[in-house]
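Asker: There's a structure below that I have some questions on.
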There are 2 protein chains.
Amino acid sequence: MKNLKLKSARAAKDLSQEQLADLCNVSRQTISAIEKGDYNPTINLCIAICKALGKTLDELFWNEDNE
Amino acid sequence: MKNLKLKSARAAKDLSQEQLADLCNVSRQTISAIEKGDYNPTINLCIAICKALGKTLDELFWNEDNE
DNA sequence: TCTGAATGTCAAGTATATTTTACAAATTTC
DNA sequence: GAAATTTGTAAAATATACTTGACATTCAGA
């Protein structure tokens, strides 16, 4: 399932996948895969992404479906 | 760094590490390691733990230090 | 005390997250 | 419309999350 919250939060900051990847110290492909979905990143990477985008875990990685 | 939020949330539900592990379909050692800290679980496991304990990601895995 | 349940921890193996390299398609910019 | 940037994707290699099995320690209850 695509992570559209992440994709739009990145767009709101006007960052390319590669720029976000650099901020998080991961490869561009990793960011691409996370946005694409069907991927299972580590919590530390999720936190790094949140910090780079000024969001929290719940805002980017929590689905109402989960509750 | 120890995850005391997780440890106390589990205690509040009166679950052993092994019981929580079963609910999340992981081994007891994995839960133990996460509570102990210096561990980097995947987001899917974090979500499974949150669901089992009735908490959200921010409540169990977000540190104010991160913000 | 003794027993059993819960936890900490370690070593070796397996599964999978992430990287690297690479190419094509789509999008933007001039 | 060509050039540069961004994105999707794939295969092979590497790093690391997670499992299994095992043993020691702690602590509550009989």
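Asker: Over the whole of B:41-51, what's the average partner chain Cβ count within 10 Å per residue? Rounded to a whole number, please.
Answerer: Mean partner shielding for this stretch: 5.
Asker: Give me the dipole magnitude in Debye, nearest 20, for the protein assembly as shown about the Cα centre, with unit charges on the beta carbon: positive for Lys and Arg, negative for Asp and Glu. Write down the numbers at each step before the final one.
Answerer: Details: 18 positive and 20 negative charges, 31 e Å.
Using only the charged Cβ atoms, the result is roughly 160 debye.
Asker: Percent relative contact order of chain A, based on C-alpha pairs within less than 8 angstrom and at least six residues apart?
Answerer: Here the relative contact order equals 36 percent.
Asker: How far apart, in nm, are two points set 7 Å out from the Cα along the Cα-to-Cβ line at B:S8 and at A:N40?
Answerer: The answer from the label model is 3.0 nm.
Asker: Measuring from a point 7 Å out along Cα→Cβ, what nm distances, shortest first, does B:N25 have to its partners in the other copies?
Answerer: When each copy's label point is compared with this one, the spacings are 3.2 nm.
Asker: What's log10 of I(q)/I(0) for region A:4-55 at q = 0.25, 0.26 Å⁻¹, Debye sum over Cα points only, no solvent?
Answerer: Log10 I(q)/I(0), no solvent term: -0.98, -1.07.
Asker: About the Cα centre of chain B, what is the dipole size in debye to 20, counting +1 per Lys and Arg Cβ and -1 per Asp and Glu Cβ, all else neutral?
Answerer: For this selection, approximately 240 debye.
Asker: Rounded, prolate or oblate: which fits the protein assembly as shown, taking a ≥ b ≥ c as square roots of the Cα gyration tensor eigenvalues, rounded meaning a/c under 1.5, else prolate when a/b beats b/c?
Answerer: In terms of gyration-tensor shape, prolate.
Asker: Among A:A9, A:L23, A:T42, pick out the residue whose Cα is farthest towards the positive end of the charge dipole of region A:4-55, where Lys and Arg carry +1 and Asp and Glu carry -1 on C-beta, about the Cα centre.
Answerer: A:A9
Asker: Related question: Helix-only estimate, please: 222 nm mean residue ellipticity of chain B, summing -39500 (n - 2.57) across DSSP H runs of length 4 or more and dividing by its residues, to the nearest 500.
Answerer: Numbers: 5 runs with 42 residues, N = 67.
Mean residue ellipticity at 222 nm (helix-derived): -17000 deg cm²/dmol.
Asker: Taking A:M1 in one copy and the same position in all the others, each labelled 7 Å out along Cα→Cβ, what are the pairwise distances from the first, in nm, shortest first?
Answerer: 2.9
Asker: Here is a follow-up. Can you flag which of A:K51/B:K55; A:K2/B:K2; A:K7/B:K13; A:K2/B:K55 are past 25 Å Cα-Cα?
Answerer: Violating the 25 Å limit, Cα to Cα: A:K2/B:K2; A:K7/B:K13.
Values quoted throughout were computed directly from the atomic coordinates according to the rules given, and no laboratory measurement underlies them. Just so it is clear, the model here is predicted, and its values are computed rather than measured. Virtual Cβ from ideal backbone geometry, glycine too; neighbours counted across all protein chains shown.
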